[in-house]
Amino acid sequence: MEPSNELLDDPGALRERLAAEGYLYFKRFLPVEAVLAGRRSILSRLAAEGLLDPGRDLMEGVLRGDLLEAAAAESEGHRPLRRMKAGAFRPDLARANSEIERVVYGPELQAFYDRLFGEPALHFDFTWLRVMGPGYGTPTHCDWVYMGRGSTELLTCWVPYGEVPLEVGGLMVLERSHLQAERIRPYLDKDVDTYCENRPADVKRVKEEGGWSFPGWLTKNPQQLPDKFQARWLTCRHWEPGDFITFSMRMIHGSLDNASDRLRISTDVRYQPASQPADERWVGPNPPAHGRAGKRGRIC
Ligand SMILES: O=C(O)CCC(=O)C(=O)O
Ligand SMILES: [Fe+2]
């Protein structure tokens with residue numbers, strides 16, 4: 001991925017590049033001490049849960065040996081590490097966490113999005129925090145299917161907490177895939193919390209049991225996409241604390257598998273122009289998220 005730091009003072013040029021490339025990547029933009037304080041806050045909580053190797057420095061974020069072995073055994077089958085609590089999505093670790101809030105809703109990103117949109121920016125109140133264990137990566141998707149009930153100008157902001165070399169597995173985007181959205185229109189028209197009222201199995205799973213209409217993935221075979229879309233997977237060889245990437249809702253993305261013994265910690269949050277409607281699942285003091293209050297029926 002190409003950094004856009006040289007365009008930081010030129011919002012018009014940033015908008016043009018975002019429209020052309022679908023993403024903007026910045027090196028060392030956020031205050032490094034704040035990002036590392038965020039890392040420490042997460043790792044302290046994980047250490048208290050007993051998930052880290054007590055023989056290693058906390059800030060290395062190395063998983064406990066026996067969990068690592070269990071992870072290796074599971075990932076041979078390419079299954080997510082469901083049994084290991086450190087394996088995935090942990091928004092609970094971001095709740096009432098002032099160190100994380102300092103980074104993702106602090107003055108630097110707020111000012112960045114205000115200028116990018118050319119009007120006051122609004123961020124969602126829900127903070128997606130991921131602790132990706134060894135063997136774990138995020139399958140390919142577009143964010144629209146999870147948060148597409150409001151502004152089409154909504155942007156994701158992905159922040160790594162600490163160094164993320166290739167083997168630790170950072171974010172990847174499919175080059176200019178936002179310009180090929182028509183090819184995946186049926187997928188983009190879906191919403192994980194919307195169910196078919198005329199299909200009893202759907203009603204039971206989504207409305208009654210609070211489940212999802214589908215997991216939201218575009219595919220679990222990211223290696224097929226370069227051929228199909230004539231596009232490369234782009235990533236950063238070495239993410240550093242302070243880096244972030246922002247990208248559009250139609251950008252196809254995922255993350256590389258974590259092939260190390262360290263945990264990969266990141267947040268993804270969302271900003272949009274404040275004058276536009278916001279998806280009700282993600283705003284307010286206690287956002288319903290994918291819970292029952294956000295489920296919607298339609299006739300299919
Ligand atoms: O961090 C990851 O593994 C996935 C992140 C993601 O999908 C996003 O930022 O929208
Ligand atoms: Fe995503």
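The values are calculated or read from the model by the stated rules, or taken from the named source; none is laboratory data. Computed from a predicted model, the values in this text were never measured in an experiment. We place every Cβ from the backbone using ideal geometry, glycine too, and count neighbours over all the protein chains shown.
Taking strands (runs of 3 or more DSSP E) as the structural unit, those lying wholly within segment 106-218 and holding at least 1 residues that are among the hydroxyl-bearing types (Ser, Thr, Tyr), within 13 Å of ligand 1 (Cβ to nearest atom) and out of contact with any Cys (no Cβ under 6 Å at 6 or more places or on another chain) correspond to 155-160.
In this structure, does residue 259 turn out to be of a type in the set (Gly, Ala, Ser) and either in contact with a Cys (Cβ under 7 Å, 6 or more places away or on another chain) or at pLDDT below 95 (or both)? Answer is yes for this residue.
Would you call residue 276 assigned to a strand (DSSP E or B) and among the polar types (S, T, N, Q)? For residue 276, the condition - assigned to a strand (DSSP E or B) and among the polar types (S, T, N, Q) - is not met.
Is it the case, given these coordinates, that residue 218 is among the hydrophobic types (A, V, I, L, M, F, W, C), under 18 Å from the mean Cα position of the chain (by Cα) and more than 16 Å from ligand 2 (Cβ to nearest atom)? Spelling it out, it is not the case that residue 218 is among the hydrophobic types (A, V, I, L, M, F, W, C), under 18 Å from the mean Cα position of the chain (by Cα) and more than 16 Å from ligand 2 (Cβ to nearest atom). For segment 222-255, the set of residues classified as assigned to a loop (DSSP other than H, G, I, E, B), over 19 Å from residue 27 (Cα atoms) and either of a type in the set (A, V, I, L, M) or in contact (Cβ under 8 Å) with a residue 60 or more places away in the chain (or both) consists of 231, 249, 250, 251, 252, listed by residue number. Within segment 262-286, can you find the residues that are more than 16 Å from ligand 1 (Cβ to nearest atom) and crowded, with 19+ Cβ neighbours inside 10 Å? Passing the criteria: 273, 278. Just wondering, is there one or more residues in segment 33-51 that are surrounded by 14 or more Cβ atoms within 10 Å (Cβ to Cβ), among the β-branched types (Val, Ile, Thr), within 23 Å of residue 99 (Cα to Cα) and at pLDDT 95 or above? The answer is yes, given that some residue of segment 33-51 is surrounded by 14 or more Cβ atoms within 10 Å (Cβ to Cβ), among the β-branched types (Val, Ile, Thr), within 23 Å of residue 99 (Cα to Cα) and at pLDDT 95 or above. Each residue in segment 154-211 was checked for being of a type in the set (Asp, Glu), closer than 22 Å to residue 231 by Cβ and over 21 Å from the mean Cα position of the chain (by Cα), and 1 pass.
Is it true that some residue in segment 280-295 is touching a helix residue (DSSP H, G or I) at 6+ places or on another chain (Cβ under 9 Å), under 16 Å from residue 157 (Cα atoms) and in a loop (DSSP other than H, G, I, E, B)? Yes, segment 280-295 has at least one match. Residue check: is residue 16 closer than 14 Å to residue 108 by Cβ and free of Cβ contacts under 8 Å to residues at least 12 places away in the same chain? Here the answer is no, as residue 16 does not meet what is asked.
Only one residue in 268, 243 is at pLDDT 95 or above, closer than 26 Å to residue 121 by Cα, in contact with a Lys or Arg (Cβ under 7 Å, 6 or more places away or on another chain) and not hydrophobic (A, V, I, L, M, F, W, C). Which one? None of the other options fit; the residue is 243.
Among the residues of segment 93-107, is any at pLDDT below 95, surrounded by 13 or more Cβ atoms within 10 Å (Cβ to Cβ) and among the hydroxyl-bearing types (Ser, Thr, Tyr)? So far as segment 93-107 goes, no, none of its residues is at pLDDT below 95, surrounded by 13 or more Cβ atoms within 10 Å (Cβ to Cβ) and among the hydroxyl-bearing types (Ser, Thr, Tyr). Filtered by the rule that a residue be touching a Leu at 6+ places or on another chain (Cβ under 6 Å) and among the small types (Gly, Ala, Ser), segment 153-169 gives a lone residue, 169. Total residues in segment 87-96 satisfying the condition of being under 18 Å from the mean Cα position of the chain (by Cα), outside any helix (DSSP H, G or I) and not charged (D, E, K, R): the figure is 2. Restricting attention to segment 10-60, the residues that are in a loop (DSSP other than H, G, I, E, B) and under 30 Å from residue 144 (Cβ atoms) add up to 6. Taking each residue of segment 129-158 that is closer than 16 Å to residue 188 by Cβ and looking for partners that are within 10 Å of ligand 2 (Cβ to nearest atom) and β-branched (Val, Ile, Thr) with beta-carbon atoms closer than 7 Å, six or more apart or interchain, yields 140/252; 142/252; 143/156. Mind listing whichever residues of segment 177-199 are closer than 12 Å to residue 297 by Cβ and surrounded by fewer than 18 Cβ atoms within 10 Å (Cβ to Cβ)? Of everything in segment 177-199, those that are closer than 12 Å to residue 297 by Cβ and surrounded by fewer than 18 Cβ atoms within 10 Å (Cβ to Cβ) turn out to be 196, 197, 198, 199.
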